[in-house]
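Contents: one structure, followed by commentary.
The values are calculated or read from the model by the stated rules, or taken from the named source; none is laboratory data. It should be emphasised that the depicted structure is a prediction, and the values quoted were computed from it without experimental measurement. Heads up, the Cβs are rebuilt from the backbone with ideal geometry, glycines too, and the neighbour counts pull from every protein chain shown. We work out accessible area using only protein heavy atoms, side chains counted, and drop any ligands, DNA or RNA first. Shrake-Rupley method; radii C 1.70, N 1.55, O 1.52, S 1.80 Å.
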Amino acid sequence: MNVKKAMLDGPILPTLLKLALPTLVVMIVQTFVGIAETYFVSFLGTEALAGVTLVFPIFMLMQMMSNGGIGGGVASAIARAIGAGKVAEAEALALNALVLAIIFGMVFAGAEWLFGEAVYRLLGGQAGALDAALEYGHVIFFGAALV
């Protein structure tokens, strides 16, 4: 039974579970990556761990805005276009989403480079922890468009 037929005529719970499986796998992998990253950073010392802790809320803000807010809207719009048989519109929406990702990634990366030190200081960063936060923040926000 194809997905469209299953969504319209199939049992609800198994169909929802099958559709949710990829998202669930991504969430589990992201959780393990976060745990592994924290584990390995802990070997660098408390200042490095504190630096990562200062960057984390800003990175999560960016991630939730992109994946949760904009990503959810884009996915919904593309799904509606595909469901209506408007493939060209879906492709245009995907291209627009890519352009938005690049622009917002550059905005977040630029903001981190320009205001990162001030923000990390406001969050309590000082001395070695602030240096580690700046180092880590510059690296992680360099790839912000990919997030």
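Couple of notes before you dig in:
- Averaged per residue, the chain has 69 square angstrom of accessible surface, using a 1.4 angstrom probe with ligands and nucleic acids left out.
- The chymotrypsin sites (Phe, Trp or Tyr not before Pro) of the stretch 1-61 that DSSP puts in a loop, and whose beta carbon has at most 16 other beta carbons within 10 Å, are PHE43.
- Here Rg and Dmax of the Cα atoms in Å was calculated from the structure, and among (i) 19.6, 62; (ii) 18.1, 63; (iii) 25.2, 79 it sits at label (i).
- Pairwise label distance in nanometres, ALA77 with LEU122, each label 7 Å out on the Cα-Cβ vector: 3.0 nm
- Tilt relative to the chain, helix 87-122 - C-alpha long axis, 0 to 90 degrees, to 10: 20 degrees
- Those residues of the stretch 79-97 whose amide nitrogen sits under 19 Å from the label point placed on LEU8, 7 Å along Cα→Cβ: 79-87
- Backbone N within the stretch 48-63 under 19 Å of label point (7 Å from PHE115 Cα along the Cβ vector): 54-63
- In this simple spin-label model, placing a label point 7 Å from the Cα along the Cα-to-Cβ direction at both MET65 and VAL139 gives a separation of 2.4 nm.
- Efficiency of FRET from Cβ geometry, VAL33 and VAL87, R₀ 25 Å, rounded to 0.05: 0.15
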